[in-house]
Amino acid sequence: MRVRVLGSAAGGGAPQWNCACAVCASATSDRTQDTVAVSGDGIAWYLINAGPDIRTQILRTPELRAGPGLRQTPLRGVLLTTAELDHTLGLLCLREAVRLSVYATPAVGAALAAAFPLRPMLAQYTDLEWLELPAELELDGGLRVRRLTVGSKRPRYAGTARLPADSGQEWVSALRLTDARSGSSFVHATCLPAWTDAFDAFVDGADEVLLDGTFATGDEFPGARRMGHLPMTESRPHLARHPHTRFRFGHLNNTNPSTGDDIVADGQEILHG
Ligand code: MLT
Ligand code: MN
Ligand code: ZN
């Protein structure tokens with residue numbers, strides 16, 4: 001399995017275009033918005049989320065460039081872990097696709113049909129295949145996916161929207177991908193509101209985990225903004241229970257000044273094996 005971080009920032013990127021804070025002013029790298037590429041065989045690739053920087057991210061990644069056929073692309077689909085704008089605006093930037101397969105929970109699908117009607121819009125541009133992201137799923141290239149609901153926070157744009165009653169509350173997911181051949185496993189959890197027992201069991205035995213690095217500490221941002229993102233100071237104490245798993249942090253907000261080996265960068269391959 002191969003896992004490459006295409007974008008390592010939270011919504012707005014880092015630096016953020018309208019921010020002159022110390023972190024943004026002193027940034028030495030450009031973090032684009034949270035998107036990860038995964039493949040079981042190095043041929044069929046999937047995106048976990050599609051941020052608004054997706055075009056640049058794809059062009060910067062040799063494995064994702066088009067070819068050899070005229071309209072051939074290694075991208076087989078997109079798995080959405082939330083309906084947030086920083087995870088979904090990139091779908092509109094993929095509208096040139098001949099065909100686009102998107103996996104989403106019913107809640108995420110409903111938000112993108114009704115509150116922000118990206119789905120019907122996109123269907124006018126490409127052959128859109130909208131699929132449910134179930135508890136278990138098999139992807140091309142030998143990847144198995146398990147999904148865990150980790151949060152029920154709606155995106156702000158869908159805060160009061162009326163959605164079909166049967167669309168449920170599966171708003172925020174963590175994904176565990178396993179390569180059927182090598183047995184290696186990767187957990188994606190860049191939006192993690194709390195470290196529950198269910199999440200602890202979900203990461204148990206994984207080789208690599210990409211965690212929520214939105215906030216370094218709990219006092220970085222006042223009140224509501226912080227909701228839905230466990231600060232790094234509160235997730236770090238849990239890591240000692242999993243000594244054989246490598247944990248790193250992505251989805252950094254522009255307020256997060258963290259540096260170090262466990263902070264991912266754009267373009268970084270975090271698993272190959
Ligand atoms: C989040 O991760 O909480 C959202 O993407 C915030 C946002 O709207 O940018
Ligand atoms: Mn986000
Ligand atoms: Zn800033």
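Here residue 67 does not fit the description of being touching a residue at least 40 places away in the same chain (Cβ under 8 Å) and open to solvent by 10 Å² or more (accessible area, probe 1.4 Å). For region 71-104, the tally of residues that are within 16 Å of ligand 1 (Cβ to nearest atom), open to solvent by less than 30 Å² (accessible area, probe 1.4 Å) and more than 19 Å from residue 61 (Cα to Cα) stands at 7. For residue 36, the conditions (1) open to solvent by 20 Å² or more (accessible area, probe 1.4 Å); (2) among the hydrophobic types (A, V, I, L, M, F, W, C); (3) more than 16 Å from ligand 3 (Cβ to nearest atom); (4) over 15 Å from residue 112 (Cβ atoms) all hold with the exception of (1). Considered as a group, the residues in region 231-263 that are away from ligand 1 (no atom under 12 Å from the Cβ) and among the hydrophobic types (A, V, I, L, M, F, W, C) include one that is surrounded by the fewest Cβ atoms within 10 Å (Cβ to Cβ), and that residue is 240. Considering region 22-42, the residues that are in a loop (DSSP other than H, G, I, E, B) and among the charged types (D, E, K, R) include one that is nearest to residue 249 (Cα to Cα), namely 34.
For the condition part of a helix (DSSP H, G or I) and either at pLDDT below 95 or touching a Phe, Trp or Tyr at 6+ places or on another chain (Cβ under 8 Å) (or both), residue 119 qualifies. Is it the case that region 9-29 has a residue that's touching a helix residue (DSSP H, G or I) at 6+ places or on another chain (Cβ under 7 Å), away from ligand 3 (no atom under 16 Å from the Cβ) and under 23 Å from residue 256 (Cα atoms)? No, region 9-29 contains no residue that is touching a helix residue (DSSP H, G or I) at 6+ places or on another chain (Cβ under 7 Å), away from ligand 3 (no atom under 16 Å from the Cβ) and under 23 Å from residue 256 (Cα atoms). Reported count of residues in region 220-239, each being touching a helix residue (DSSP H, G or I) at 6+ places or on another chain (Cβ under 9 Å) and more than 16 Å from ligand 3 (Cβ to nearest atom), is 1. Here are some residues: 114, 97, 110, 83. Which one is more than 29 Å from residue 273 (Cβ to Cβ), in contact (Cβ under 8 Å) with a residue 40 or more places away in the chain and in a loop (DSSP other than H, G, I, E, B)? None of the other options fit; the residue is 83. Here residue 23 fulfils each of the conditions (1) β-branched (Val, Ile, Thr); (2) under 20 Å from the mean Cα position of the chain (by Cα); (3) away from ligand 2 (no atom under 16 Å from the Cβ); (4) open to solvent by less than 50 Å² (accessible area, probe 1.4 Å) apart from (2).
Among the residues of region 140-187, those identified as under 18 Å from residue 45 (Cα atoms), open to solvent by 70 Å² or more (accessible area, probe 1.4 Å) and out of contact with any Leu (no Cβ under 8 Å at 6 or more places or on another chain) are 140, 181. Of everything listed in (1) assigned to a loop (DSSP other than H, G, I, E, B); (2) more than 14 Å from ligand 1 (Cβ to nearest atom); (3) touching a residue at least 40 places away in the same chain (Cβ under 8 Å); (4) of a type in the set (A, V, I, L, M, F, W, C), the single unmet condition for residue 19 is (2). A Cβ distance below 9 Å, combined with a sequence gap of six or more or placement on separate chains, defines the contacts here; from region 239-255, residues that are in contact (Cβ under 8 Å) with a residue 40 or more places away in the chain and assigned to a loop (DSSP other than H, G, I, E, B) reach residues that are basic (Lys, Arg) and within 13 Å of ligand 2 (Cβ to nearest atom) in the pairs 253/225; 254/31.
The values are calculated or read from the model by the stated rules, or taken from the named source; none is laboratory data. Every value quoted in this text rests on a predicted model; they were computed, and no experiment measured them. As a convention, Cβ positions derive from the backbone with ideal geometry for all residues, glycine included, and neighbour counts pool all protein chains shown. We work out accessible area using only protein heavy atoms, side chains counted, and drop any ligands, DNA or RNA first. Shrake-Rupley method; radii C 1.70, N 1.55, O 1.52, S 1.80 Å.
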